[in-house]
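K.L.:
First, the structure itself, so that you have it in front of you.
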Amino acid sequence: MQSLIDRFTRIIALLALMTALIDAGRLLGIGSGGASPIAMFSVSGFVLLSIFTVARMFAAVGMWIESNWGTAVLFLGTLIELVLFLSGTVRLDVGVFGFGLRLILLAGATLLLIQAFRNWRAAIHD
């Protein structure tokens, strides 16, 4: 069972890293032609996307080394990003593919946190 959880954690970590690298490329202006990324995303959108990209990269590394904080960082960062995106208060250019990836990351992080909580409760009651 533990091997399955480790594999699932690594898959979620790779998806988080892939999403972060795609966002980092967008922040650098890859695929935008001659347009400035700051002009495309607005200053607030650019700063928020930068923060979420760095947080997702740290979360991916934390999950890969099987640290406790990696999943928590991924869960909180993705949750905050999706809440901001869905509320419409800040213009975050996520796209349909990115939104789907973020939902998968949120669901995966939630499942991993639930499993960690179950393992913790089982260890207490032993």
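K.L.:
Could you work out [θ]222 nm for the chain from helices alone, using -39500 (n - 2.57) per DSSP H run of at least four and dividing by all its residues? Round to the nearest 500 deg cm²/dmol.
P.N.:
Helix contribution divided over all residues of the chain: -28500 deg cm²/dmol.
K.L.:
Also, I was wondering about something else. Using unit Cβ charges (K, R positive; D, E negative) and no other charged atoms, how large, in debye to the nearest 20, is the dipole of the stretch 3-83 about its Cα centre?
P.N.:
100 debye
K.L.:
Please arrange Ile5, Ile30 by accessible surface area, largest first, computed with a 1.4 Å probe and ligands excluded.
P.N.:
Result, largest first: Ile30, Ile5.
K.L.:
Can you tally the net charge around Phe52? Count Lys and Arg as +1, Asp and Glu as -1, for every other residue whose Cβ sits under 14 Å from the Cβ of Phe52.
P.N.:
Cβ neighbours under 14 Å give a net charge of +1.
K.L.:
Next up: What list of ³J(HN,Hα) couplings, whole Hz, do you get for the stretch 86-98 from phi and the Karplus terms 6.51, -1.76, 1.60, once you set θ to phi - 60° and write x for glycine and proline?
P.N.:
Whole-Hz 3J(HN,Hα) from phi for the stretch 86-98: 6, 6, x, 6, 10, 7, 10, 8, 9, x, 5, 5, x.
K.L.:
Under a Cβ-Cβ cut-off of 13 Å, what is the net charge of the residues other than Ala13 that fall near it, where Lys and Arg count +1 and Asp and Glu count -1?
P.N.:
+1
K.L.:
Got a sec? What order do Trp120, Trp69 fall in by accessible area at 1.4 Å, biggest, i.e. largest, first?
P.N.:
Trp120, Trp69
K.L.:
OK, next. So how compact is the stretch 81-126: Cα radius of gyration and Dmax in angstrom?
P.N.:
15.7, 49
K.L.:
At a probe radius of 1.4 Å, what is the per-residue accessible area of Arg10, in Å² to the nearest 10?
P.N.:
Rounded to the nearest 10, that gives 80 Å².
K.L.:
Treating only the Cα positions of the chain as identical point scatterers, give the base-10 log of I(q)/I(0) from the Debye formula at each q in 0.12 Å⁻¹.
P.N.:
With one equal scatterer per Cα and no solvent, log10 I(q)/I(0) is -0.47.
The values are calculated or read from the model by the stated rules, or taken from the named source; none is laboratory data. All values derive from a computational prediction rather than experimental measurement. Ideal geometry is used to build each Cβ from the backbone, glycine not excepted, and the neighbour counts take in all protein chains shown. All accessible areas refer to the heavy atoms of the entire protein, side chains included, with ligands and DNA or RNA removed. Shrake-Rupley method; radii C 1.70, N 1.55, O 1.52, S 1.80 Å.
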